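Student: Following this message is one structure expressed as structure tokens.
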Amino acid sequence: MRRSLVRRGVSLSAAALVAATLMTTPALADGIGSSPSASQDGNKYIPQVIVTVTSSGVRKTVAVKPGSTTYVHPPCWREPSWTGPARADYYDSGDAARDARHHGDPPSDGKGPPGYDEHKNDGPDKGMFWSAMCSSEYWKGDIHAFLDYASDWITSHPTIWVGINDPNPNNDIVIPPAVLMEIAKGLLVPTAPTLEVNPQVDSVVNLPTWVWATDDSFVEIRARAEFNGNWAEVIARPAGLKLSTDGPGDVNSTCTNGGKPWTRGATDTDCSVTFRKSTASSGKYTISASIDWQVHWEGSGGENAALPPPPAAPIGNRAVTVDEVQTVVNGRSSGH
């Protein structure tokens, strides 16, 4: 297979970038990949974004899961791509000119970039050329935004020679807060509420069944991504519950602050289900709820902006039995 070095500028269209994705050999070329190349796994030169996910109670201080830390591959980086002789041969053989015509790049005079042959006799024991790489594998946001970012990144990070004793060029990568936000957002996973009800044993027809989320499930979640001094934090704060039931009844789904926990003497709640029929012939009814999330992000560049809520918030369920209480009124009066 002929090696190819795909040169891209910011003028390339999204369609051209997608086409290049399919034609580029990732281990040997500058390019945008739809999946990670084989050389990405287990190599110390790959930079890592640190993402920490934490949660905290919003109604009161509760014991929540300890924060988890994940090391995430950035969407764009540099990696060793050419030996000195291989890169010189690519231009000297005419392969570069043919690839340029194939990809519709501007015609050249047939010569390589300045200095392309300076290391034509230097093998891997002397160093390697490192090329820009980008992969949508590590981008959780909009694919068009990824293509724009990748095109700019590849254009601004040309192939360079890295001597065997030179520092890792990835050490100086700058990842903007907006890109770190996409990484953090991909690792922020909303939780389903754990539901409590009252009455705890059996509900009663025509009497409100109180519903609320437990303190340890109605929590704020934060995902913070950091790299080389830049950071972005995505914060999902629970505002209420979206309540429903598969049984016949009236649902009060305002559920401010996740519903009001029932206490002895409490008189009202805005988070309840009033069933109109017993479960005598149907087994049990299910009360379901998802958390109504309010999401925003903050960044090291002073960013502070709202984000859309999760597209499919997880649902918590609680099965209930509903009894019908019969009341008998004795209408006899006493005679004189």
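The values are calculated or read from the model by the stated rules, or taken from the named source; none is laboratory data. Since the model is a prediction, treat every value here as computed from it, not as a measurement. Glycine gets a Cβ as well: all are built from the backbone with ideal geometry, and neighbour counts include every protein chain shown. Areas reflect the complete protein model, heavy atoms only, side chains present, ligands, DNA and RNA absent. Shrake-Rupley method; radii C 1.70, N 1.55, O 1.52, S 1.80 Å.
Student: Tell me, what is the 1.4 Å probe accessible area of residue 242, in Å² to the nearest 10?
Tutor: Answer for residue 242: close to 120 Å² accessible.
Student: Which one of 223, 265, 252 is farthest out on the positive end of the charge dipole of region 140-279, using unit charges on Cβ (Lys, Arg +1; Asp, Glu -1) and the Cα centre as origin?
Tutor: Positive-most Cα among the choices belongs to 265.
Student: Quick one: in region 210-336, what % of C-alpha pairs are over 23 Å apart? The partial results should precede the final answer.
Tutor: Details: 4130 of 8001 pairs.
Summing the P(r) tail past 23 Å for region 210-336 gives 52 percent.
Student: Probe of 1.4 angstrom, ligands and nucleic acids ignored: what's the accessible area per residue over region 77-232, in square angstrom? Working shown, then result.
Tutor: Working: 7240 Å² over 156 residues.
Ligands and nucleic acids excluded, the result is 46 Å² per residue.
Student: Between residue 50 and residue 244, how high is the FRET efficiency from 1/(1 + (r/R0)^6) when r is the Cβ-Cβ distance and R₀ = 35 Å? Nearest 0.05.
Tutor: Values: r = 39 Å, r/R0 = 1.11.
Efficiency, rounded to the nearest 0.05: 0.35.
Student: For region 256-316 and region 159-217, what is the separation of their Cα centres, given in Å?
Tutor: Going from one Cα centre to the other spans 17 Å.
Student: When the accessible area of region 142-246 is computed with all protein chains present and a 1.4 Å probe, what percentage of it is carbon and sulfur? Before the final figure, lay out each step's value.
Tutor: Working: 2370 of 4560 Å².
C and S fraction of accessible area: 52 percent.
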